[in-house]
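The values are calculated or read from the model by the stated rules, or taken from the named source; none is laboratory data. What you are looking at is a predicted structure, and each value in this text was computed from that prediction instead of being measured. When we count neighbours, we look across all protein chains shown, and the Cβ atoms used for this are built from the backbone with ideal geometry, even at glycine. SASA here: full protein model, heavy atoms, side chains in, ligands and nucleic acids out. Shrake-Rupley method; radii C 1.70, N 1.55, O 1.52, S 1.80 Å.
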Amino acid sequence: MNTRLLATIIVLSGFLTIGRAQTNSSAALTGPELFTAALQHVVSVFEPAADGSARTFTAGWKLDEAKGLPKAAAQAHGELKISGSNSIRASFQVEKTELTIARHQNELWIHVPAKQFGVVGKSGVPRFKTAPEKLDTSRLEPLKFPIAREQLALLPFLCDIKLLEETQLDGISCRVISARPKPEAVQALKLPTGTLTLSLRATDSMPLGLRWTNVGGTDVFVRLLNPQFIPGMEEGAWKIPVREGDRIETTALSHLTRAIPVILSSLNQQIPTLGPATGERKLLAVEGKGRLELIDGTRVLHLEGSPEEMGFQQGVLLKKSVRDLVERVLYGVGVGSSFEKGRWFFGEIEEAQRRIHPFIDPRYLREMDSLAMATKLDREEVRLANFFPELFHCSGFAISGDSTVSGTLYHGRILDYLRGIGLEQNAVVMVFKPDQGHAWVNVGYAGFVGSVTAMNEKKVAIGEMGGRGEGNWDGKPMAQLVREVMEKAGTLEEAVDIMKNSPRTCEYYYVISDGKTKRAVGIAATPTTFETIWPGQSHARLPHALKDVVLMSAGDRYETLAKRVKESYGKLDTTGARDLMKSPVCMGSNIHSVLFAPETLEFWVANADSKNVASHARYTHYNLAELLKPTTAGATPSASQP
């Protein structure tokens, strides 16, 4: 993810260093004239030499300053090669990780030597294994500067340009200018807001250094090393290198081209912090029996009817959010994680889909397909995105009896997983009223029909924690097994029975509670084993046995959670139970935290924002019984909502 941002910076700096040689010294040029000279370098990179022959620009690069970027970016370096409008190759060395990204003609490839892994994106290949008839038709546009040559002369007039003190880079004298787009330029040309500072070689105005700063705290300086033109490289030099033992995957070109903007956008996303709760409840839109509400600034989606009806309702009412989440899950996190793991995401998740498919309730597939139709997404994309929760990890607990004030049962659930990838802004509380089974509430994300955090009208609540065993896919998907418990279990015993007797995947842990009996249980399950941990019981990995308490976590987080419960034993109320989930029990990846009070069907939900992990953000109070009541006031015409 961070490498892609570096790619943008380095490629831009490379563009700014390329152009026709300037034979005259830049000493007499004004700031706007120097800026114009640099822009001419940019345009000429995509043009052949003066005699029409092919040429390749090449330069080393080094990231000298990286404020606002991850620490790993400091001192990153690599090489850049560009030839005309159809070929570019950039290599990156970040700490011990080496990565090369290249485009040649209509192919795009990425290679990670240390992982012996690479992927080549091409058009004309199937986008999905389950739909071989859907061939990729993507075409890469020619490389070009986004502003036409005739408009370049206007840019100096649209920027505030200043001459700064001269400097030296690697012993070479440079003139320095800064350029800040004026507000009208930002709006008209969609330029980023910030200040670009260029260090230009005094002899010919060639940029040797680029600095970008903005009010958000970003301060990035890239230095170019030995920029020069060489004769055009042979065709083979632009192909992905293949060494003995390398695994090179071929995939749809669009899988890679869609990933790049998603990954870059996730680096600068801002999620506002919720203000104080006011109790405001507003109906936003309706679709059939479904509706979308805003409660204290949070979205609550009501779905009712058959699988087809509920899928369509969600697709219409949350169309933008569903599409955004699918993009981020599949093409952001999925594709992006491939190069860290050294395994192609689509290959793995499609293999998991093949093995899981025989165990899926057809009703859930029908709901996914209806959702896809309403959002105009491919059916395959929605199905694949719905397997993503299989990777979630977390902590959970249930406290009752002597451990709480008045013996109230509280069930806490902490979801720790990849904060910042785009799940948080697509968070939604979903109330399901299926035509078969119990009504229930799902604390989840737009586009998901399964669940990892839920409570039903029979006062049964559940939260999941992921473990190991990735690859053991011959069973029901975890998120859909949780949903099955919600729709079919009316008691704690029925919930345990469903979990125990269902074919399962991987390794997962659960806390299940029942408000009718004030009882709870912890479950440790793999495809072949099933263990229960009841209140007051210990386990080899959960040594603290406390009366009326179930604690499920790991390592230091478990120890802290147990310590907090012991210190507040007998005094825990709603506030105290929520405080149990604060850091370090929650991790830096904590994207949502939920406290259920199943006896009264109350629950409190907190979602992470740009400043806070979920357990430190504002909690919103809901009551499932109230949410299940019909409402008609304030309805608006059916419309897609964010």
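Pairs needed: first member in segment 567-591, over 15 Å from PHE397 (Cβ atoms) and open to solvent by less than 30 Å² (accessible area, probe 1.4 Å); second member anywhere, assigned to a helix (DSSP H, G or I) and not aromatic (Phe, Trp, Tyr); C-beta distance under 6 Å; at least 6 residues apart or different chains.
Between residues of segment 567-591 that are over 15 Å from PHE397 (Cβ atoms) and open to solvent by less than 30 Å² (accessible area, probe 1.4 Å) and residues that are assigned to a helix (DSSP H, G or I) and not aromatic (Phe, Trp, Tyr), the close pairs are ILE591/GLU424; ILE591/ALA614.
Looking at segment 436-444, can you tell me whether even one residue there is crowded, with 24+ Cβ neighbours inside 10 Å and closer than 30 Å to ILE260 by Cβ?
yes
Quick check: is even one residue across segment 406-414 farther than 22 Å from ALA427 by Cβ, buried (at least 19 other Cβ atoms within 10 Å of the Cβ) and at pLDDT 95 or above?
Looking through segment 406-414, at least one residue is farther than 22 Å from ALA427 by Cβ, buried (at least 19 other Cβ atoms within 10 Å of the Cβ) and at pLDDT 95 or above.
Any chance segment 273-295 includes a residue that's under 24 Å from the mean Cα position of the chain (by Cα), outside any strand (DSSP E or B) and exposed (fewer than 15 other Cβ atoms within 10 Å of the Cβ)?
yes
Given the criteria without any contact (Cβ under 8 Å) to a residue 12 or more places away in the chain and part of a loop (DSSP other than H, G, I, E, B), does GLU141 qualify?
yes
Which of the residues belonging to segment 465-496 are modelled with pLDDT under 95, open to solvent by 10 Å² or more (accessible area, probe 1.4 Å) and among the small types (Gly, Ala, Ser)?
GLY466, GLY467, GLY469, GLY471, listed by residue number.
Which residue is farthest from the chain's Cα centre (by Cα), if the candidates are limited to segment 359-382 and must be in a loop (DSSP other than H, G, I, E, B) and surrounded by fewer than 19 Cβ atoms within 10 Å (Cβ to Cβ)?
ASP361
Hey, can you tell me all the residues within segment 98-128 that are crowded, with 17+ Cβ neighbours inside 10 Å and either β-branched (Val, Ile, Thr) or farther than 27 Å from GLY347 by Cα (or both)?
Hits for segment 98-128 are THR100, ILE101, ILE110, VAL112, VAL119, VAL120.
Scan segment 307-332 for residues that are open to solvent by 20 Å² or more (accessible area, probe 1.4 Å) and either of a type outside the set (Asp, Glu) or within 30 Å of LEU99 (Cβ to Cβ) (or both) and jot them down.
Within segment 307-332, PHE312, VAL316, LYS319, LYS320, ARG323, ASP324, GLU327, ARG328 qualify.
Report the residue count in segment 341-358 for those that are in contact (Cβ under 8 Å) with a residue 60 or more places away in the chain and assigned to a helix (DSSP H, G or I).
So the answer is 10.
Could you grab me the full set of residues in segment 38-61 that are surrounded by fewer than 16 Cβ atoms within 10 Å (Cβ to Cβ) and either closer than 27 Å to GLY217 by Cβ or of a type in the set (A, V, I, L, M) (or both)?
Hits for segment 38-61 are ALA49, ALA50, ALA54.
Hey, among LEU140, LEU152, which residue is over 25 Å from the mean Cα position of the chain (by Cα) and either exposed (fewer than 14 other Cβ atoms within 10 Å of the Cβ) or of a type in the set (A, V, I, L, M, F, W, C) (or both)?
The unique qualifying residue is LEU152.
Could you give every pair whose Cβ atoms fall below 8 Å, whose first residue belongs to segment 413-442 and is among the hydroxyl-bearing types (Ser, Thr, Tyr), and whose second residue is crowded, with 22+ Cβ neighbours inside 10 Å, counting only separations of at least 6 or pairs across chains?
From residues that are among the hydroxyl-bearing types (Ser, Thr, Tyr), the pairs are TYR417/CYS394; TYR417/LEU423; TYR417/ILE591.
Is it true that some residue in segment 502-511 is within 25 Å of LEU274 (Cβ to Cβ), among the β-branched types (Val, Ile, Thr) and in a strand (DSSP E or B)?
no
All but one of (1) part of a strand (DSSP E or B); (2) under 21 Å from LEU29 (Cβ atoms) hold for ARG127, so report the exception by its number.
Single failed check for ARG127: (2).
Name every residue in segment 57-110 that is among the small types (Gly, Ala, Ser) and within 27 Å of LYS239 (Cβ to Cβ), in order of residue number.
ALA59, GLY60, ALA76, GLY78, SER83, GLY84, SER85, SER87, ALA90, SER91, ALA102
Tell me the strands (runs of 3 or more DSSP E) entirely within segment 165-252 that contain at least 1 residues that are surrounded by 12 or more Cβ atoms within 10 Å (Cβ to Cβ) and hydroxyl-bearing (Ser, Thr, Tyr).
172-181, 195-201, 207-213, 247-252
Does SER370 satisfy the criteria of being touching a residue at least 12 places away in the same chain (Cβ under 8 Å) and either among the hydrophobic types (A, V, I, L, M, F, W, C) or within 30 Å of SER553 (Cβ to Cβ) (or both)?
In short, no.
Would you mind listing the strands (runs of 3 or more DSSP E) fully within segment 519-619 where at least 1 residues are touching a Lys or Arg at 6+ places or on another chain (Cβ under 6 Å)?
The strands (runs of 3 or more DSSP E) meeting that bar are 519-525, 530-533, 590-597.
Please work out which residue is modelled with the lowest pLDDT, limiting yourself to segment 542-572 and to residues that are under 20 Å from ILE462 (Cβ atoms) and of a type in the set (Gly, Ala, Ser).
Looking at the filtered set, the residue picked out is ALA554.
Kindly evaluate MET499 against the criterion of being open to solvent by less than 40 Å² (accessible area, probe 1.4 Å), within 19 Å of ILE356 (Cα to Cα) and at pLDDT 95 or above.
So MET499 fits the description; yes.
Residue-by-condition table, conditions (1) touching a helix residue (DSSP H, G or I) at 6+ places or on another chain (Cβ under 8 Å); (2) under 29 Å from GLY78 (Cβ atoms); (3) at pLDDT 95 or above:
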{"residue": "ALA114", "(1), (2), (3)": "no, yes, no"}
{"residue": "VAL119", "(1), (2), (3)": "yes, yes, yes"}
{"residue": "LYS129", "(1), (2), (3)": "yes, no, no"}
{"residue": "PRO132", "(1), (2), (3)": "no, no, no"}
{"residue": "PHE145", "(1), (2), (3)": "yes, yes, no"}
{"residue": "ALA148", "(1), (2), (3)": "no, no, no"}
{"residue": "LEU154", "(1), (2), (3)": "no, no, no"}
